[in-house]
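The values are calculated or read from the model by the stated rules, or taken from the named source; none is laboratory data. If you're wondering where the values come from, they're calculated on a predicted model, not measured in any experiment. Ideal geometry is used to build each Cβ from the backbone, glycine not excepted, and the neighbour counts take in all protein chains shown. The protein model used for the area step is the full one, side chains on, heavy atoms only, and it has no ligands, DNA or RNA in it. Shrake-Rupley method; radii C 1.70, N 1.55, O 1.52, S 1.80 Å.
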Amino acid sequence: MTSPFTLVLDSQCALGECPVWAPAEKALYFADIKGMKLHRFEPETGQHTITGLSEEIGCFAIRKDGGFVAGLRSGVWQLSPTGERVAMLAPNAEPVATNRFNDGRTDPRGRFILGTIDEKKAGGTASLYRFDRRGLQAIEGGLLTSNGLAFSPDGCTMYHSDTPRFTIYAYDYDVETGEASNRRVFAELKPEGEDRGRPDGAAVDAEGCYWSALYEGGRVQRYSPAGELLAEFQVPATCTTMVAFGGADLRTLYVTSARDGRPAEELERLPHSGGVFSMRTEVPGLPEPLFDPQV
């Protein structure tokens with residue numbers, strides 16, 4: 001396979017997700033959801049540390065006052081700077097046995113926006129939530145797998161995907177209140193054929209273009225703010241999961257991947273599935289806002 005992405009860490013994640021660049025540390029954090037681990041990787045030094053958790057960690061964000069806020073299966077938690085659970089901030093409002101927190105990130109004001117996954121993929125019981133000082137409040141319901149959260153450079157557009165429905169949506173977003181409205185289809189993907197792939201985690205660059213990792217699609221796509229597909233890049237892993245911009249100039253695009261449940265033939269052909277890959281981009285990304293518990 002010819003790909004502009006190269007392996008930077010052979011982490012062998014069951015389900016790698018939620019890469020977050022920490023500029024002050026020159027480090028990339030990411031989760032292994034099914035492995036129940038939080039990873040920290042310094043590209044310049046190669047230092048790699050892992051913190052094990054007692055439940056799945058779907059998403060997290062770096063806190064303004066240190067440590068992390070995270071969506072675990074049981075609820076929204078405060079984590080220590082090394083990733084240990086400190087306190088539950090809000091319980092999961094859905095059945096914990098079948099629904100866990102999945103994709104999430106901070107909005108431009110520092111609120112934590114995160115969604116759940118309906119693991120049975122049948123009832124549409126997952127939702128998208130906002131967590132701030134007012135608590136955990138639903139934004140959108142009737143979902144299968146909440147994914148693809150990202151914000152335009154001005155913060156006035158929120159992107160979100162429902163992965164099994166092969167659809168990416170755009171919303172009008174009020175940065176001052178955290179309210180989302182006017183949901184509309186931003187892009188639709190194909191469930192079959194060579195162009196198949198489900199829209200998973202995402203990020204937006206400084207030009208306002210939306211980058212989406214395609215689960216079971218083996219590639220990353222870049223869309224214009226109008227929803228036009230501008231480019232796509234092959235990745236040496238079938239199940240790419242989420243992208244994040246990092247490096248000193250925010251022009252290194254990282255992508256996580258998964259290997260859990262993949263056929264033996266595929267893993268033999270793509271042995272670094274579950275690893276972290278990167279490529280350089282012409283356009284930089286946007287700095288990731290910190291979670292602010294006072295907002």
Go through (1) out of contact with any His (no Cβ under 9 Å at 6 or more places or on another chain); (2) among the aliphatic types (A, V, I, L, M); (3) open to solvent by less than 60 Å² (accessible area, probe 1.4 Å) and name the single condition Val86 misses.
-> (3)
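Can you pull out the residues in the stretch 29-72 that are among the aliphatic types (A, V, I, L, M) and surrounded by fewer than 16 Cβ atoms within 10 Å (Cβ to Cβ)?
The one that is among the aliphatic types (A, V, I, L, M) and surrounded by fewer than 16 Cβ atoms within 10 Å (Cβ to Cβ): Ile50.
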Number of positions in the stretch 73-82 that are surrounded by fewer than 20 Cβ atoms within 10 Å (Cβ to Cβ) and among the β-branched types (Val, Ile, Thr) = 1
Somewhere in the stretch 163-177, is a residue farther than 21 Å from Glu232 by Cβ, open to solvent by 20 Å² or more (accessible area, probe 1.4 Å) and within 19 Å of the chain's Cα centre (by Cα)?
-> no
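Each row is one residue, and each column tells you yes or no for (1) farther than 21 Å from Ile62 by Cβ; (2) modelled with pLDDT under 95; (3) open to solvent by less than 10 Å² (accessible area, probe 1.4 Å); (4) among the hydroxyl-bearing types (Ser, Thr, Tyr).
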| site | (1), (2), (3), (4) |
| --- | --- |
| Ile113 | no, no, yes, no |
| Gly123 | yes, yes, no, no |
| Tyr129 | no, no, no, yes |
| Leu136 | no, no, no, no |
Condition met for Arg251 (basic (Lys, Arg) and within 17 Å of the chain's Cα centre (by Cα)) = no
Within the stretch 181-205, residues open to solvent by less than 50 Å² (accessible area, probe 1.4 Å), part of a loop (DSSP other than H, G, I, E, B) and out of contact with any Asp or Glu (no Cβ under 7 Å at 6 or more places or on another chain) come out as Leu189, Gly193
Which ones in the stretch 155-178 are more than 18 Å from Arg222 (Cα to Cα) and in contact (Cβ under 8 Å) with a residue 40 or more places away in the chain?
-> Gly155, Pro164, Tyr173, Val175, Glu176, Gly178
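Which residue, of Ser278, Ser181, is closer than 25 Å to Gly141 by Cβ and of a type in the set (Ser, Thr, Tyr)?
Numbers: Ser278 fails: closer than 25 Å to Gly141 by Cβ.
Just one listed residue meets the conditions, Ser181.
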Would you mind listing the strands (runs of 3 or more DSSP E) fully within the stretch 218-295 where at least 2 residues are in contact with a strand residue (DSSP E or B) (Cβ under 9 Å, 6 or more places away or on another chain), surrounded by 22 or more Cβ atoms within 10 Å (Cβ to Cβ) and modelled with pLDDT of 95 or more?
-> 219-223, 240-246, 252-257, 276-280
Can you pull out the residues in the stretch 106-138 that are out of contact with any Gly (no Cβ under 9 Å at 6 or more places or on another chain) and within 18 Å of Ala202 (Cβ to Cβ)?
-> Thr106
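Are there any strands (runs of 3 or more DSSP E) wholly within the stretch 20-72 with 1 or more residues that are within 25 Å of Ser273 (Cβ to Cβ) and in contact (Cβ under 8 Å) with a residue 60 or more places away in the chain, and if so which?
Details: elements: 27-32, 37-41, 48-52, 57-62, 68-72.
Fully inside the stretch 20-72 and qualifying: 27-32, 37-41.
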The condition from (1) in contact (Cβ under 8 Å) with a residue 24 or more places away in the chain; (2) touching a Ser or Thr at 6+ places or on another chain (Cβ under 6 Å) that Leu230 misses is numbered (1)
